[in-house]
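This report refers to the structure that appears directly beneath it.
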Amino acid sequence: MVLLAVASLLVAAPASSAAAPAGWIYTMVAFSNASDRDLDVYRSSDGTTFTPERTSAFRPPSGLMRDPSIFRHIDGSYRLTYTTADGANIGFARSPDRVNWTFTGTQPVPFCCAFMPGTGDGKGPRIPFFSESAGFADGPSLSPFVTKAWAPEWFVDGDRVHVVLSLSTGGGFVPYLMTALDDSLSSWSIPVPLDGIGADHIDTTIVKVGSTYHAFTKNETKKFVEHAVAPTVLGPYRFVAPGAWGSMVEGPALVQLPNDVWRIYLDAYIDGKYLYSDSTDGLATWSPVQELPGVSGTARHFGVMREPA
């Protein structure tokens, strides 16, 4: 009987250990200083030290592969969206394992934005519908034709899948939101502007804390990242005090760490560095920026997600 008791303890020990919390996996997808046509995939267990999982994991058939964003869909697949820099199109790809990617197509958004605020090219009015841009630099575009669709970012809100993207008719960018109309993510709504953020903002990403939506966006005029909050995903947004993240930063990406800590990553593109800053009070205040080890100086405008290990 003693032997049986000892044996039962030995068998039970691994099961007890396996039941303990397993932690998180953080996946980063990025382009690099070496290539803006290839996707690099990194992995981390703490959101700080990232190691390459596969470099050059994906190259689209045409266009660039910049500003990637990743999330895991309800069907278990991983989904990527990215800047093609090929007119009014954003790209999509799919993966079963985060490292092997298949191109699934592009989404054109050429017609949505007549009288889009603040996207004029600065050359004064032109004849509507016969030019790629119109209007004054600080006034509305008179053209409905989008010429650039950049920096798409996934945002999942309950059972709704959205993409936040920056659109321009030739001048500055304005953040818009489009929503998937089916679970295959192959049909999308017409983009709708985010109320309250306004013109000349790019690289907008959204997270939700409690019932509040937080948008982090680069002010293209002043070259720093701003923070805005709203009661709904479409706004109206109002700007609040950002962190002391400095100027000449872009590409904000956010992820939640354990113990309700939020982390923002920032591409200090002029200095060739990648920075991060943490908030322990629900995105109200932020720690001083630090340089992200390992990938700083290599990765550019990345996306990051977490999932259980």
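Data for the structure
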item: Number of positions in region 258-275 that are in contact with a Ser or Thr (Cβ under 7 Å, 6 or more places away or on another chain), surrounded by 21 or more Cβ atoms within 10 Å (Cβ to Cβ) and hydrophobic (A, V, I, L, M, F, W, C); result: 1
item: Neighbours by Cβ (under 7 Å, 6+ apart or cross-chain): first from region 285-309, closer than 19 Å to residue 80 by Cβ and charged (D, E, K, R); second open to solvent by 70 Å² or more (accessible area, probe 1.4 Å) and not in a strand (DSSP E or B); result: 300/33
item: Hey, residue 234 within 19 Å of the chain's Cα centre (by Cα), assigned to a strand (DSSP E or B) and modelled with pLDDT of 95 or more or not; result: no
item: Candidates 297, 243 - the one that is surrounded by 13 or more Cβ atoms within 10 Å (Cβ to Cβ), farther than 22 Å from residue 197 by Cβ and small (Gly, Ala, Ser); result: 297
item: Residue tally, condition open to solvent by less than 20 Å² (accessible area, probe 1.4 Å) and within 18 Å of residue 73 (Cβ to Cβ), over region 179-204; result: 3
item: Flag if residue 281 is at positive phi and either in a strand (DSSP E or B) or open to solvent by 50 Å² or more (accessible area, probe 1.4 Å) (or both); result: no
item: Qualifying residue in region 67-89 (condition: open to solvent by 70 Å² or more (accessible area, probe 1.4 Å), assigned to a strand (DSSP E or B), under 27 Å from residue 276 (Cβ atoms) and at pLDDT 95 or above); result: yes
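The values are calculated or read from the model by the stated rules, or taken from the named source; none is laboratory data. Keep in mind the model is a prediction, meaning the values are calculated, not measured. Using ideal geometry, Cβ is built from the backbone for each residue, glycine included, and neighbour counts are taken over all protein chains shown. SASA here: full protein model, heavy atoms, side chains in, ligands and nucleic acids out. Shrake-Rupley method; radii C 1.70, N 1.55, O 1.52, S 1.80 Å.
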